[in-house]
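The values are calculated or read from the model by the stated rules, or taken from the named source; none is laboratory data. Note that the structure is a prediction, hence the values are computed from the model and not measured. Every residue, glycine as well, gets a Cβ built from its backbone with ideal geometry; the counts of neighbours run over all protein chains shown.
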Amino acid sequence: MSELRELYQETILDHYRRPRNAGRLADANRVAEGYNPLCGDRIKLFLKVDDGVIRDARFEGNGCAIATASASLMTESIKGKRADEALRLLEQVHHMVAGGGSGGGVGKLQVLSGVHEFPQRVKCATLAWHTMKAALENVAVPVTTE
């Protein structure tokens, strides 16, 4: 089990140090901002959605390792998904990191499962996901984890 935990930690650190899909998306048609006042994490998410499908996703901001890695992993995971599929994935990830599940069905996002051991970090791990929901719902005000 410790080898698996180490692999998960390495993956999170890799996505923190070299976040995928970082930066603005020039042709985004959905944009939302999120803020975690507890940790100070901030994210701005850019989505390109056509016919209910997320064609592209990018983000910018600054946050702790878990918040940044989660945003990186999320943008990779939602590309090509229908909006309703991405929202279901949000529910699964939130359930997993809040300690309610093993992470079955979330694929490589399971690397975030260890967050449930640190309840104060759940908001870090879910910030990007709640920001995605706000973007899909065209929420104009920044979302907060509080």
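Scan segment 59-94 residue by residue and report those that are surrounded by 21 or more Cβ atoms within 10 Å (Cβ to Cβ) and not in a helix (DSSP H, G or I).
The answer is 59, 63.
Do you know which residues across segment 21-40 are part of a strand (DSSP E or B) and modelled with pLDDT of 95 or more?
Of all residues in segment 21-40, those part of a strand (DSSP E or B) come to 22, 30-36.
Of everything in segment 21-40, those that are part of a strand (DSSP E or B) and modelled with pLDDT of 95 or more turn out to be 22, 30, 31, 32, 33, 34, 35.
It is to be established whether one or more residues within segment 1-20 are closer than 19 Å to residue 125 by Cα, of a type in the set (Phe, Trp, Tyr) and part of a helix (DSSP H, G or I).
Scanning segment 1-20 turns up at least one residue that is closer than 19 Å to residue 125 by Cα, of a type in the set (Phe, Trp, Tyr) and part of a helix (DSSP H, G or I).
Within the group 48, 44, 108, which residue is within 27 Å of residue 120 (Cβ to Cβ), part of a strand (DSSP E or B) and among the charged types (D, E, K, R)? Spell out how you get there, then give the answer.
On the way: 48 fails: within 27 Å of residue 120 (Cβ to Cβ); 108 fails: part of a strand (DSSP E or B).
One residue alone meets the criteria, 44.
Could you tell me which of the residues 115, 97, 93, 139 is among the aliphatic types (A, V, I, L, M), modelled with pLDDT under 95 and under 26 Å from residue 26 (Cα atoms)? If you could, list the steps in order and put the result at the bottom.
Values: 115 fails: under 26 Å from residue 26 (Cα atoms); 97 fails: under 26 Å from residue 26 (Cα atoms); 93 fails: under 26 Å from residue 26 (Cα atoms).
Going through 115, 97, 93, 139 in turn, the sole match is 139.
How about segment 111-128: which of its residues are under 14 Å from residue 91 (Cα atoms), surrounded by fewer than 24 Cβ atoms within 10 Å (Cβ to Cβ) and without any contact (Cβ under 8 Å) to a residue 60 or more places away in the chain? Walk me through it before giving the result.
Just the residues of segment 111-128 that are under 14 Å from residue 91 (Cα atoms), to begin with: 112-113, 122-123, 125-128.
Those left that are additionally surrounded by fewer than 24 Cβ atoms within 10 Å (Cβ to Cβ): 113, 122-123.
Within segment 111-128, just 122 meets the criteria.
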